[in-house]
Every structure is written in C-alpha cells, then in structure tokens.
Amino acid sequence: MTLYSIPPLLSLICFAFLAIVVLARKKMTTVNTLFFLLCINGIFLHTDILILFIVESREIALWSSRIDHVFAVYAIPLYIHFFHAYLNIDRRKWLIYTTYAVAFALMWFSLTPLVIEKMNLYEFGYFGGGGRLYPVIGAGAAVASLYSLAIICLAIQREQNSVQKNKLKYILTGFGVMGFLNGLNVLPLLGYAFYPPGTFSFIPLIVFAVGLFRYDLLDMGIIIQKSLLYSILTLFLTCLYAIIVMFSNQFFHRNIFADTFYFQLTFFLVVVILFGPIQTRVQKVIIPYFQRETAALKKSMRRVSSQLSAALDSSTIARILLTALMENLQVSHCTIYLQDVSQNGFRRFASKSLVPQTFPHAYVPSTDSLVRLLKRQEQPVSRNLLMEKVQEKASGQCLYDMDKLWAEIVFPMKVKEHFMGFIVLGEKKSRNLFGREECSLVMMLAIQASLAMENARAYKHVDRLNKNLEAKVHERTIALENALSEVKKSQELLIRSESLAAIGQLVAGVAHELNNPISAAMSLIQSTQADFEAHIIADKEIIRSDIAYSLKALGRAKKIVSSLLCLSRQTDSYSEFVDVNEVAQDALRVLDGHIRRGNIQIEKDFQCPIPSIQGNFAHLGQVAINIIQNACQSMQGHHGSVVLSTRYRTDVNQVVFSCRDGGPGINPSIQKDIFKPFFTTKPVGQGTGLGLYISHEIVRKHQGRIVQENSTEGGALFEVYLPVS
C-alpha cells in the first residue's frame, strides 16, 4: 500500500461510516434511503479504486473496474433523485425515470469493452481506460453534477430560514462537491495521466458529517448527536493510526528489524500508549466547543432555579427565565405566552428580543394546531422535526403557526394536567439546532417556571384575600349592584322617555288622521238622523252604503288608535311573541299622515307567514318608527320610494327587517358615529341624537343586531336582525 492509496481508503471509511449511521435509523425516509444507496455506491467505487492502486495483476484490475461499473452507472440517477427528494421537487420526474432507464441499459454493457476497454498503468497505479460508451457516461456525469449544483444553489438563494439555508450549504459543500469530484474521475478514464479527484471525497464527506451533527441534515441529529461526535473522533484517530502504519511500512520496509516480532510488538505498544491520551486530549478540546451552549446553561441552572423559587411575582419569574434563556442559548428572541381565560386563548405575557420592539403575535387562539399539539404531548415541538413530516396536513399547519410566532422550538408550560402556556424560542445566533440535552434543560426550566408562576398566583390570591375584609367586599358589592341598577333604570327611563317623545311628536298627525274618518262618519250619521226626523224615507241602499262607509271609516280610526296604543304601551317584558310584519304595519299606520304629507311612496315586500320572535312589541315598534321616519326625512327634495321588507333567514335562524330609502345615503365618514348617543346631523332643535342609539340598544337587548350601509341602488339601507325564539 502506497501513499496514493490513503485518499481512497479514507473516502471508503467515510462512506461506510455514513452508511452505518443511516442504517441505524429506525424509520427510513425516501431521502435517507437514497442517501444510503449513494453511500453503498461510493463504497463500491472507492473499494474498486483501492484495489486498482494495490493490485499488481492487470487482469484482476480490469475485471474489478468492470464489476464496479455495474453499480457505478446508477450514481447519476441516484444523485438527481436524492437532490429532488431532499428539495421536495415534484416536477421533472421524467428526468429521474429517464436517467434510471439509461443506467439500466448501460449496466448490461458494463462487463464489456464498450465501457472499460483496458487498464492503463500510471504512477499511482492501475486505472481503467474508457471504451466507446464511456464518453456518454462521462458527459452524463458532468451534466448531472452541474444540474445538481444548480438546483441546490437556487434553493439556497430562495430559502428565507437561516437554519434551513445552512443545511442546504452543508449539502452543497458535502454531497454536491463530492459529486463534482467523482465526476472528474472521467479524466484518467479518458486517458489523461491525472490522479482521480474523486478519491478526495473524504474531505466534503467530513464537512457533511459535521453538518449532519450540527444541523440534523437527515432528520436524526437529536437522536445521535453525542454518539456521532464520538464516532467521528474515533474514525479520525483510526485513520490517523492507519496513516502512521502505512508511513512506517514505507519507511522501515528495507530494515531487517522491521520484519521481526519485536518491532511489531514495540510499535503496537507505542501506538496503544499514545492512542488513549491523544483521544482524551482531543475530546477535551473538541467536545466542549460543540457543547458550550449546553455547558453554559447547565452552569446557570442552579442560580436560575434558586431565583425562580424565591420569586413571588409572575413578571419577575418571566424576566428571570427570559434573561437566562437569552444569555445562555443566544436565540434571536424568547416569548412567554400565558393562558387568557377571558379570550379563550393565550396572550403574550413577556418577551425579549435581540432586535428592539420586534415581537411575534400578541394573541394565539386555543384552536391553533400548534396549541393543540402542545396540549397533547409533554415534549417540545421543534420546527426541525415537523419539517420531516411536512407532507402531513397537521404538521404543515403547525409549521404555519410556528412561522407566525417566528418559532424554532416551542416548550409547553404545564402544572400537573393544567396547560398554562408555552415558551417560544427563535433560532440561535449560531444557526445550530437545539440538542437533546439543551431541550431537556429548557424543559426543566419551563416546568420549574410553571410551578413558580402557579405558586405566585396562589400567593397573590391569598394576599389579596387577607387585605380585603369580608365586610368591605360586601359593601363594595352592594354599591356596585346599586350602581348597575341605577344605570339600568336610567337606560330604561331614557328609552321610555324617547318613546313617549316620539309618539308625542306624531300625535298631531295622528289626530288629523283620526279626524278625517270620524268626521265623515259623523256627517253621514247626522244626515241620516236629520232624514229620520224630517220623516224623509231614503232609499235603503243609500242608507246601507252610508252605514258601511261609516263603519269602514270608524274601523280605520280604530286601527290607528290600536296601533298607537300598541306602540305606546310601556312594559319591561321581553317575553311576548311578536310578529315583525305587524310591528311594521303599526308603524306605517302611525306614520301614515307624515308619509302622505311628504308625498312619499312606500313599497312593501313582507314575507307571509313569518316566524315570531320573543321580545317587546312596543320597543320594536319604536325601532321601526325611528328607522322609517329617518328614511322619510332623508327623502326631502329627492324622488323615489322607501322600500320595506321582511324575510326569514334559515341559515342563521333570524328574522330580518330592512328599510331602504332613495335619499342621498349616509356619508361614510360618519357611519361609525350614527349609533352613538346625542349624535345627529339635523339642525339644532330638530333632533336629539338619541333615536338610532336607543334603537341600537333595543335591538341589542333582543340579542339581535342592527347594521347600516349605503345601498348599491342609492340611498341608505338599514337592516335589523332578530333571533327567532
């Protein structure tokens, strides 16, 4: 074995090590499977190169190379397939199928001179000479390498997340550069006396192994981080031992003493004596570098724990926790969300960020997928683990929720079975992933902080009870009840006063409306009475007609009086069944004179029958009068009509009363103010500004809502939604 054999040997060891690491994973994904196959392909390739550099028989070298190319032809489709799977590229599947098909076809020629025609002897050893088909393989390898490098570079350019971008850079430096180096192996195959660059694959593979440890490139770093680190160190020292052996063999090969048992024993003892201390020294230097963040967190755990135990205020506990996490983990931001029972969600309680005044959302609903996942499990939720299951709908939704919180990892805060909140950590300044030990330590801090906050809450509650005597609490409760009662009475009185005022304003018009039918009836009755006194016998049909007209006129007067009584009846009951159509009809009867004097056309579109609602007839009549009266007043100087309609909406189980006028509409700048008390657009002395406010309060008491918008057909549109009992 010569010095030329060292690079392929190191590359072979690296490929074998990575293959074992992937194979040790319990759950194999598509990406891991393809990575494993690439490692196997690399093992075959560098085993073949090692044999070529060592063997002395040209025939053995030739058949070794041909057998290797049975598998080597699949390197091109495997590379393309691996990068497509890793980058989640669903397009261009035809390219993968085509390259596999071409590789399958070339495989049948691998044992013939068409692929490897001969063996060339160079200074470094034997290396195959390409046959007639090898330029095709070489061109394919070059195109595949350039294509893989191009798509990974584009992915790096488009990626926004720093951790994901660093992952892609390690993939580029590791497997991307390695593929490019292996592609350059075509140079000696084409006859150039050039040492195969692919034998130096161990260099990008070591970079890839570091990335595998630091960034969990294949979604398994948290499981094997420490074991991987020790394995890399052992591999490094083993390679160093192999190099020493080969150098010693080259240096002492002419020395007679080197072939004796005593030389081998002496050399073995020297290596054993030096190997242990070197390994220990390397571990002491390298391992603290990789675990410096965990070590810093461990060191501060005792101090932080004592501070949390002594704190009796939630804000102080949050400040201690945020400071410890920010200082030891060096994350971009840290936010604590605590449960907000009144809002059925979680509100941002405390936050600390490297960038001032830059914080995530202030409120998180309980219905978010991330919150539901945290409630189900007692473990932290990591973006890195969710990325592994990104194709699943639930994981994709959790990733979306984490994006809203700028979260890299989220820790639940639980006290027994009570889920009281969660801690959000951003990405590290170092762009490293969160290791298992770090997660365990932060989880312990989260549990301790949860207990401390629960204790602080209980202490605060007890302290408040001690300070407030029972008599004083009772006194304040009575005062509050009295105040609420007064407010309610004042509101009822205001509604009643406004109702009577509105009815009073209409009395003149109603009196005129009553006067016409009553006067007509009295005139006919007096005429008939005079005829009887004069013994004038009139035609029976005329008398019948006069009586019928009188009854009709008196009936109209009765309806007006009845409507006026219904609308002016004062009661606090909201339990009567009310027909919205009758409410609208009574309002129109009371406003009939006002409407006719304004020469306003009324269009009615009432749904019959319509479900009854439970409420107060008089109060709802006041709402209808206010809305219709405002519509009529807005029609002054405008042509058109007022359209009234009622309908039942089955989708929301509500009755809707709507009024649309043909006026100028309401200025959008004041639409938000029209339901405020004492707001009016009328001249001084012509309006109190209470009509729509009281209407709004009446509808609210009926558990309904009133909305206003400008109609697309012109004018204002008011709609009253009332729930059906």
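The values are calculated or read from the model by the stated rules, or taken from the named source; none is laboratory data. In this text, all values refer to a predicted model and were calculated from it rather than measured experimentally. Cβ: placed from backbone, ideal geometry, glycine included. Neighbour counts: every protein chain shown.
What the table shows:
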quantity	calculated
Single residue of Y170, Y192, Y134 found to be modelled with pLDDT of 75 or more and in contact with a Gly (Cβ under 6 Å, 6 or more places away or on another chain)	Y170
Unique match (being under 26 Å from M28 (Cα atoms), without any contact (Cβ under 8 Å) to a residue 60 or more places away in the chain and not aromatic (F, W, Y)) among I409, I447	I409
Scan of region 325-349 for residues that are in contact with a Cys (Cβ under 6 Å, 6 or more places away or on another chain) and surrounded by fewer than 22 Cβ atoms within 10 Å (Cβ to Cβ), ordered by number	M326
Qualifying position, being within 30 Å of S573 (Cβ to Cβ) and modelled with pLDDT under 85, among F675, F718, F657	F675
Test set (1) over 18 Å from the mean Cα position of the chain (by Cα); (2) part of a helix (DSSP H, G or I); (3) buried (at least 17 other Cβ atoms within 10 Å of the Cβ) - K352 fails condition number	(2)
From F53, F44, residue being more than 23 Å from I96 (Cβ to Cβ) and among the aromatic types (F, W, Y)	F53
Test: I698 is among the β-branched types (V, I, T) and either on the phi > 0 side of the Ramachandran plot or within 41 Å of the chain's Cα centre (by Cα) (or both)	yes
Selection within region 111-132 - out of contact with any strand residue (DSSP E or B) (no Cβ under 7 Å at 6 or more places or on another chain) and within 24 Å of Y195 (Cβ to Cβ)	V115, L121, Y122, E123, F124, G125
Number of the condition not met by D90 [criteria: (1) at pLDDT 90 or above; (2) in a loop (DSSP other than H, G, I, E, B)]	(1)
Verdict on V31 being in contact with a helix residue (DSSP H, G or I) (Cβ under 7 Å, 6 or more places away or on another chain) and either modelled with pLDDT of 85 or more or surrounded by 22 or more Cβ atoms within 10 Å (Cβ to Cβ) (or both)	no
Single residue of Q633, Q708 found to be in the same structural domain as S573 (by TED's automatic domain parsing), surrounded by fewer than 22 Cβ atoms within 10 Å (Cβ to Cβ) and not in a strand (DSSP E or B)	Q633
When residues of region 155-211 are limited to those that are farther than 30 Å from G131 by Cα and hydroxyl-bearing (S, T, Y), the one farthest from the chain's Cα centre (by Cα)	T173
Criterion (touching a residue at least 24 places away in the same chain (Cβ under 8 Å), out of contact with any Phe, Trp or Tyr (no Cβ under 7 Å at 6 or more places or on another chain) and farther than 21 Å from H84 by Cα) met by exactly one of L106, L133, L184	L106
Residue count, region 401-434 (criterion: closer than 13 Å to P360 by Cα and surrounded by fewer than 18 Cβ atoms within 10 Å (Cβ to Cβ))	2
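For every residue, the table says whether it meets (1) of a type in the set (G, A, S); (2) over 26 Å from I171 (Cβ atoms).
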| site | (1), (2) |
| --- | --- |
| W63 | no, yes |
| A72 | yes, no |
| Y79 | no, no |
| W94 | no, no |
| Y97 | no, no |
| F104 | no, yes |
| L121 | no, yes |
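Residue-by-condition table, conditions (1) surrounded by fewer than 16 Cβ atoms within 10 Å (Cβ to Cβ); (2) of a type in the set (A, V, I, L, M, F, W, C); (3) assigned to a helix (DSSP H, G or I):
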site	(1), (2), (3)
L95	no, yes, yes
T99	no, no, yes
L106	no, yes, yes
L111	yes, yes, no
A144	no, yes, yes
I152	no, yes, yes
Q157	yes, no, yes
Y170	no, no, yes
G176	no, no, yes
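Residue-wise test of (1) modelled with pLDDT of 85 or more; (2) in a helix (DSSP H, G or I); (3) of a type in the set (F, W, Y); (4) out of contact with any helix residue (DSSP H, G or I) (no Cβ under 6 Å at 6 or more places or on another chain).
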residue: V21; (1), (2), (3), (4): no, yes, no, yes
residue: K27; (1), (2), (3), (4): no, no, no, yes
residue: L50; (1), (2), (3), (4): yes, yes, no, no
residue: E59; (1), (2), (3), (4): yes, yes, no, yes
residue: S64; (1), (2), (3), (4): yes, yes, no, no
